[in-house]
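Structure, as structure tokens:
A short reminder: the numbers here are calculations on the coordinates, not readings from a lab. Keep in mind the model is a prediction, meaning the values are calculated, not measured. A quick note on method: Cβ atoms are made from the backbone with ideal geometry, for glycine too, and the neighbour counts reach across all protein chains shown.
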Amino acid sequence: MWSWVLHRITGVAIFFFLLVHILDTSLVRLSPQAYNAVIDQYKTPIMGLGEAGLVAAIGFHALNGLRIILIDFWSVGTKHQRLMFWIVVGLWAVLMAGFLPRQLMHIFGGA
Amino acid sequence: MTATIETPRSPRTRPHSRVNLEKWGWIYMRASGVVLVVLIFGHLFVNLVAGEGVKAIDFGFVGGKLSQPFWQIWDTMLLWLALIHGANGMRTIVNDYASNPLVRRIFTGALLASAALLILLGTLVIYTFDPCPVGSPADLLPSFCKAS
């Protein structure tokens, strides 16, 4: 049940980000100054941490989505759904371990 | 309000449609989902990990990407697949929680309108975009723009 709840919450969050993200990127059609002014708002530590949260949400939604497909189409998917949930959590942790240090370096300076 | 429950095994009253849209929606979520995993992780890697993160993203960066057909097609697929996937997922959630038929219709209509509008806007931006707009300061533009 918690995988279902998390899938919904992350899905809604990603959807609303997507709406904003299409609008901000559309500013490239207006002028370089307009686009740069808005994208500069993303280059703060708070937005950087928000971005890390967004990547965490996308990572879970993607991996759990693949798990849902395996449950639906793999002949023994339902039998292994609980094990696959923990594999999702494990892969997500690996993904975040790779991404977070890089993201934190980008936010707080350094290489 | 009393709910009427049909006699079990009574014939379908709803006109039987040849196309089961809900089934195709279900299939779409899975098919687009697999493609989106590749497209979005590629998008995130190129924009946030490979370079200098969001700090490196400005008009010059986006202009450099969107002047190449490869990224135009990549971003068009992202736009259409992700927005329809997201709007259809939101529709599922609205159907689950909005028990009032009028509220449900308003939310579903708003989702349809916003998705259609943003797909139109995004597609127009990708294919009518000029990476070297005339009269813009050269230091804001991609490096391949010749000063004119």
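For the reader, a short list of remarks on this structure follows.
- Search result, residues across region A:23-39 that are out of contact with any Ser or Thr (no Cβ under 6 Å at 6 or more places or on another chain), assigned to a helix (DSSP H, G or I) and closer than 22 Å to B:Cys145 by Cα: A:Thr25, A:Ser26, A:Leu27, A:Val28, A:Arg29, A:Gln33, A:Ala34, A:Tyr35, A:Asn36, A:Ala37, A:Ile39
Conditions tested, residue by residue: (1) in contact with a helix residue (DSSP H, G or I) (Cβ under 7 Å, 6 or more places away or on another chain); (2) free of Cβ contacts under 8 Å to residues at least 40 places away in the same chain; (3) not hydrophobic (A, V, I, L, M, F, W, C).
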| site | (1), (2), (3) |
| --- | --- |
| A:Leu18 | yes, yes, no |
| A:Pro32 | yes, yes, yes |
| A:Val38 | yes, yes, no |
| A:Ala62 | yes, yes, no |
| A:Leu66 | yes, yes, no |
| A:Ser75 | no, yes, yes |
| A:Arg82 | no, yes, yes |
| A:Val89 | no, yes, no |
| A:His106 | yes, no, yes |
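Listed here are the residues, each with its yes/no results for (1) surrounded by fewer than 16 Cβ atoms within 10 Å (Cβ to Cβ); (2) hydrophobic (A, V, I, L, M, F, W, C).
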site: B:Lys65; (1), (2): no, no
site: B:Pro69; (1), (2): yes, no
site: B:Gly89; (1), (2): no, no
site: B:Leu112; (1), (2): yes, yes
site: B:Ile119; (1), (2): no, yes
site: B:Pro133; (1), (2): no, no
site: B:Leu141; (1), (2): no, yes
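- Scanning region A:1-47 for residues that are in contact with a Leu (Cβ under 8 Å, 6 or more places away or on another chain) and more than 25 Å from B:Gln72 (Cα to Cα) yields a single hit, A:Ala13.
- Of all positions in region A:74-82, none carries a residue that is of a type in the set (A, V, I, L, M), within 26 Å of A:Val5 (Cβ to Cβ) and either in a helix (DSSP H, G or I) or facing chain B (nearest Cβ under 9 Å) (or both).
- Among residues of region B:97-148, those that are part of a helix (DSSP H, G or I), farther than 15 Å from A:Leu19 by Cβ, among the hydroxyl-bearing types (Ser, Thr, Tyr) and at the interface with another protein chain (Cβ under 9 Å from one of its Cβ atoms), counted: 1
- Residues of region A:36-51 classified as polar (S, T, N, Q) and more than 10 Å from chain B (Cβ to nearest Cβ), total: 1
For (1) in a helix (DSSP H, G or I); (2) in contact with an Asp or Glu (Cβ under 7 Å, 6 or more places away or on another chain); (3) within 17 Å of B:Ile126 (Cβ to Cβ), each residue gets a yes or a no:
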residue	(1), (2), (3)
B:Trp24	yes, no, no
B:Tyr28	yes, no, no
B:Gly33	yes, no, no
B:Val54	yes, yes, no
B:Val62	yes, no, yes
B:Gln72	yes, no, yes
B:Met77	yes, no, yes
B:Leu81	yes, no, yes
B:Asn95	yes, no, no
